[in-house]
Amino acid sequence: MHLIIHRGAKEIGGSCVELAAGSSRILIDFGLPLVDKDQQPFNSRSIKGQTIPQLKASGILPPIEGLYRGETRQIDAILLSHSHLDHYGLLSYVLPDIPIYMSQGSKELIEISDIFVPTKVGNLNAKVIDLRKALVIGSFKVRPFLVDHSAFDALAYQVEADGKKIFYTGDFRAHGRKRILFDRIIKNPPKNIDCLLMEGSMLGRSETLSHNEEYVQKDFEILLKQTDNIVFLSASSQNIDRLVSAYKACINTGRILVLDVYTAFILDRLRKISKGIPQFNWKNVRVKFMKYHNECLVKAGLKELLFKYAKSKIEMHEINQERKKILMLLRDNSVFDRIIEHIPAVKGAKLIFSMWEEYLKDEFKQKCANYGIEIVHLHTSGHAFPQDLKKFVQALKPKKLVPIHTFFPNDYQQFGKMVEMVPDEQPLII
Ligand SMILES: [Zn+2]
């Protein structure tokens, strides 16, 4: 089996791995880069309007024959690990007949993002993977594993061909609400792995917030109890674990969780996968309508959902009146000021910043300071801590361990002598 990391050997984002065996070729993930050649944040707007040859020439699209629109197809399928843009964001360039395998949750979330988020991938030949069965694609036998990650329904893959086995972790962790999935793999690990491609996002980071999701919930509760005003929550609407933490913290402190229509829609669509996901019509949940979200739903032909969510609608005057009892989802975006303007006594309010701290911009900090809103960072990462990565390697005992999805591949030496750094675009025969 041949393996090529097209991107990810020494960076986070733009993940893409190619596997070839016999006459079959598959890809795992096809993501949007997060950094450019100079390690600066990648501007996804900069590629709008560029042609496929231009994007190939600049290295944004990896040099994969028979993958792109207008070419003769040579790629059998693409496996997606999860619904984060750095794992699927370049799919709009691939031949539309290539099947793209993913979990049900990933399919739902990618479709939702296409309605609301500017980076769109369009209609995909999406195939939902049956998690109970192995999948055969040409010479490959693929076995999916559900993993714990900040993206809902994330998958790792074991891929077998030519009598060899690789294991691709995708993004994963052992400290979210589904950490049992990590424990399950550790207790009954796949055997005889010739090559483990393991993410290492947390290596080289000096993050101090190394606790689990339940601690995040507890911290939310403490803060909600201590605050005698409205509390805002800046979190990703697609981080379901975090929304569950927010919901449970509201139940335990008597607060009302105010969502937006986008978030209500996400939770609604994922209900068919997990009944435990909080919903717009549950106790202590209300929905604040915003023009942009309404327009997106109407444009997508889903206007009737606005009537459905209207049953839990909350207006600004009620939010203002009940502010001491509210936890409101609100991010650093164009509606921020308009919302705050409706709350004259906002001084002393708090904003829980519940994302990676590097997303917290100085300008936003200043804005909150001007309003007298205190920012409190309460978060835990979507990625495994180094000690959990170590446990994983020890359980799987791979013959080779190849760093991927990391800015610090050298740090993998701590996991043993089987580490082999494979640069981007350099084939490895397994
Ligand atoms: Zn991810």
Looking at GLU357, GLU374, GLU363, GLU341, which is the one that is among the acidic types (Asp, Glu) and touching a Lys or Arg at 6+ places or on another chain (Cβ under 8 Å)? GLU374
From the list ALA369, ALA395, exactly one residue is assigned by TED's automatic domain parsing to the domain that holds HIS87, more than 16 Å from the ligand (Cβ to nearest atom) and of a type in the set (Gly, Ala, Ser). Which is it? ALA395
Filter result for LEU55 (away from the ligand (no atom under 16 Å from the Cβ), more than 27 Å from ALA154 (Cα to Cα) and without any contact (Cβ under 8 Å) to a residue 60 or more places away in the chain): yes
For region 358-383 the number of residues that are surrounded by 11 or more Cβ atoms within 10 Å (Cβ to Cβ) and of a type in the set (Asp, Glu) is 1
Please report, ordered by residue number, the strands (runs of 3 or more DSSP E) entirely within region 1-56 with at least 1 residues that are among the basic types (Lys, Arg) and at pLDDT 95 or above. 2-7, 24-28
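So that you can scan it fast, the table gives a plain yes or no per residue for (1) within 28 Å of GLY348 (Cβ to Cβ); (2) of a type in the set (Gly, Ala, Ser):
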| position | (1), (2) |
| --- | --- |
| ASP228 | yes, no |
| PHE232 | yes, no |
| ALA235 | yes, yes |
| ILE240 | no, no |
| LYS248 | yes, no |
| ASN252 | yes, no |
| LEU257 | yes, no |
| ARG269 | no, no |
Any residue at all in region 120-136 that is more than 16 Å from the ligand (Cβ to nearest atom), of a type in the set (S, T, N, Q) and assigned to a loop (DSSP other than H, G, I, E, B)? yes
Enumerated strands (runs of 3 or more DSSP E) restricted to region 161-263, each holding at least 1 residues that are crowded, with 20+ Cβ neighbours inside 10 Å, without any contact (Cβ under 8 Å) to a residue 60 or more places away in the chain and away from the ligand (no atom under 16 Å from the Cβ): 164-168
Could you list, in sequence order, the residues of region 151-160 that are part of a strand (DSSP E or B) and hydrophobic (A, V, I, L, M, F, W, C)? ALA154, LEU155, ALA156, VAL159
Out of all the residues in region 96-114, which are in a loop (DSSP other than H, G, I, E, B) and within 19 Å of TYR157 (Cα to Cα)? ILE98, PRO99, SER103
When region 366-397 is checked residue by residue, the ones that are of a type in the set (A, V, I, L, M, F, W, C) and in contact (Cβ under 8 Å) with a residue 40 or more places away in the chain are ILE373, VAL376, LEU378, ALA384, PHE385, LEU389, PHE392, VAL393, ALA395, LEU396
Among the residues listed as GLY89, GLY31, the single one being touching a residue at least 12 places away in the same chain (Cβ under 8 Å), of a type outside the set (Phe, Trp, Tyr), crowded, with 20+ Cβ neighbours inside 10 Å and touching a Pro at 6+ places or on another chain (Cβ under 9 Å): GLY89
What's the number of the only condition in (1) within 16 Å of the ligand (Cβ to nearest atom); (2) outside the structural domain of ASP171 (by TED's automatic domain parsing) that ASP388 fails to meet? (2)
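The values are calculated or read from the model by the stated rules, or taken from the named source; none is laboratory data. As the structure is a prediction and not an experimental result, all values here were calculated from the model. Note that we place each Cβ from the backbone using ideal geometry, even for glycine, and neighbour counts take in every protein chain shown.
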